[in-house]
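**Student:** Supplied in structure tokens, the structure appears directly below.
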Amino acid sequence: MQNIASGVCVTKRMVDDAVDFAHASGIVMLNKPDESSRDRQKSSHAPFTMYPSSFSKSAVSQTQSVQDDIHSLFHKVSRDVSFLEEVLRSTIAVDSFVKNLFEIYKATLTNEFAQKVEIGIYRSDYMLQKSPGEPVVFLPKQIEINTMAASFFGIGTNKVKRLQQYNLRNASITCDNLDMPENGALDGIARVMVEGWKKYGNPEALFVFMINKSETNIYDQRAIEYAMYEYDPAVKVRRKVFNDCISTTRTDQDGKLFIDDEEVAVVYFRTCYMPDHFPTTKHWEVRKLIELSCAIKSPSIAHQLVGSKKLQQVLAKPGVLEKFIKDENAVKRLRDTFAELYSLDMNAAGDAAVKLALERPEGFVLKPQREGGGNNLYDSEMVDRLTEIGRDERRCAYILMEKIIPPVQKNYIIYDRVCSMANTVSELGIFGAFLTNGDEVTNSHTVGHLLRSKSDKHKDGGVAAGVAVLDSPILI
């Protein structure tokens, strides 16, 4: 692959210039809070690669072509109660977090205030895998689909492209012959969010960003808010910390949702995707209260559930896609992106998968039903975990996935103003946004992309987890 960073010297001045550009462009994150200080948290630039990384143009086109199919597929699955219950049964039995989500989902089925409109903000993540045989072709393989709290379309898309174009010019490298695609993720998602807010029908009601208590990715979220105002200045955005809403959230007799005595049109969750986001039963009660209200959710509890790794594994099984998609071409498009996935249910197939992983741990990843990065297990950690749980039902909380071996290229990583050369691998995210009206998907758009890269020494972890860094592609 074309590798710009090879043979290019990076000086301290160039690093300082790049960091200044990142700060001036809003490519920043809050530092983790210092409990010993009462001062407002300080911010630093988000980590990034100095130069754009090469990525297959045909792979990008292929992943973009299936995003609308993904929206339609996952919404249909979210409406199929019996299918979801069957798929998640073994996971629910051993994973209390998924069990609690599913209990709320079941409560929505008889909800008298059921909301037909949902706002879907999805990011489908892929890595390149070398095809067998000659000539060598790198094919995109789906790592996961994020149906909830998909991040970095605020600060990680076109802003990073502009930063890297600046860095190239600063190194006297022309950008004219580089295919660096435009990235409309921020504006496209903001537009769909505002259109969803309008569907509620009360221009005085709020669009609430529900966030964590210790939120470090605030500027990514603020960028979304400001883009929404650009699209429609009438929208009323409020940021609410989930912990602070426990005692101030209520519904009225008509199912309308109120937080701090203000009516809420939309709740956009950037929290509630990890068990530690629910430290008490009261947190679960409030999550259920929100879900049963007539406010629009992004995502709904149903769409949160369909983002589970278990569902990803089941959809990859032969014949399952055809249950929801009648278009043979769409089925083929989707299946061509699937990696090899294995169930760890308590049956012969699950036993065989455990045996396979223990015999060849270097070829697999053990994945729990969690989001946020840093949760997967590899190599000796995977072996230790499967040795502990491989014979009992606790293994049903995981799936097994083939390990993708993407191409490696050199790049400079800038982290906390420090520059280092690394052998990097990249992961491409495709952003999609859509609305629903009951069973129907409306306003479905593939809006942009996110490239994240990391040293090939790291096996797992995203930008927020402190491992991957923001990047953008040169299409080749």
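The values are calculated or read from the model by the stated rules, or taken from the named source; none is laboratory data. Everything quoted here is computed from the prediction, not taken from an experiment. Don't worry about glycine lacking a Cβ; one is built from the backbone with ideal geometry, like all the others, and counts go over all protein chains shown. Note: accessible area is taken over every heavy atom of the protein model, side chains too, but ligands, DNA and RNA are not part of it. Shrake-Rupley method; radii C 1.70, N 1.55, O 1.52, S 1.80 Å.
**Student:** Given the chain, what percent of its DSSP beta bridges are antiparallel, to the nearest 5?
**Tutor:** 75 percent
**Student:** Another one. If I compute P(r) over Cα pairs in 20 Å bins from 0, in percent from the structure I just sent, which labelled value in (i) 22, 46, 24, 8, 0; (ii) 24, 58, 19, 0; (iii) 20, 41, 32, 7, 0 lines up?
**Tutor:** (ii)
**Student:** Going down the list 159/297; 213/297; 76/309, which pairs span over 23 Å between their C-alpha atoms?
**Tutor:** 159/297
**Student:** Something else about it: Rounded to the nearest 10 Å², what accessible area does residue 419 have for a 1.4 Å probe in the complete protein model?
**Tutor:** Spelled out: residue 419, probe radius 1.4 Å, area about 50 Å².
**Student:** Still on this structure, I have one more. Based on Cβ point charges of +1 for Lys and Arg and -1 for Asp and Glu, what charge dipole magnitude is obtained for the range 39-182 about its Cα centre, in debye rounded to the nearest 20?
**Tutor:** 480 debye
**Student:** Across 5 Å bins from the origin, how do the percents of Cα pairs in the range 176-295 run, short distances first?
**Tutor:** P(r) for the range 176-295, in whole percents per bin: 2, 11, 20, 20, 18, 14, 7, 3, 2, 1, 1, 0, 0.
**Student:** Subtract the Cα-Cα distance of residue 349 and residue 65 from 0.36 nm times their separation in residues, and report this length gain in nm to one decimal.
**Tutor:** Here the segment from residue 349 to residue 65 would lengthen by 99.0 nm.
**Student:** State the extension gain, in nm to one decimal, for the chain segment bounded by residue 254 and residue 387, taking 0.36 nm per residue of separation less the distance between their alpha-carbons.
**Tutor:** 42.6 nm
**Student:** Another question about this same structure. Might you report the magnitude of the Cβ-based charge dipole of the range 379-476 about its Cα centre, with Lys and Arg at +1 and Asp and Glu at -1, to the nearest 20 debye?
**Tutor:** Here the range 379-476 has a charge dipole of around 380 debye.
**Student:** Could you give the length gained on full extension between residue 80 and residue 394, defined as 0.36 nm per residue of separation minus the Cα-Cα distance, in nm? If you can, show how the numbers build up before the last one.
**Tutor:** Details: separation 314, 0.36 × 314 = 113.04 nm, distance 2.59 nm.
Length gained, residue 80 through residue 394: 110.4 nm.
**Student:** With the full set of protein chains in place, find how many percent of the accessible area of the range 275-314 is carbon and sulfur; take the probe as 1.4 Å. Intermediate values should be presented prior to the final figure.
**Tutor:** Values: 670 of 1100 Å².
The nonpolar share, carbon plus sulfur, comes to 61 percent.
**Student:** A further question on this structure: Report the charge-dipole magnitude of the chain in Debye, nearest 20, computed about the Cα centre from +1 at each Lys and Arg Cβ and -1 at each Asp and Glu Cβ.
**Tutor:** The calculation lands at about 540 debye.
**Student:** Accessible area per residue of the chain at 1.4 Å probe, in Å²?
**Tutor:** 42 Å²
**Student:** Points 7 angstrom from Cα along the Cβ direction at residue 423 and residue 378: gap in nanometres?
**Tutor:** So the label points at residue 423 and residue 378 sit 1.2 nm apart.
**Student:** With a point put 7 Å past each Cα toward its Cβ, work out how far residue 358 is from residue 336 in nm, to one decimal.
**Tutor:** According to this spin-label approximation, the distance is 3.9 nm.
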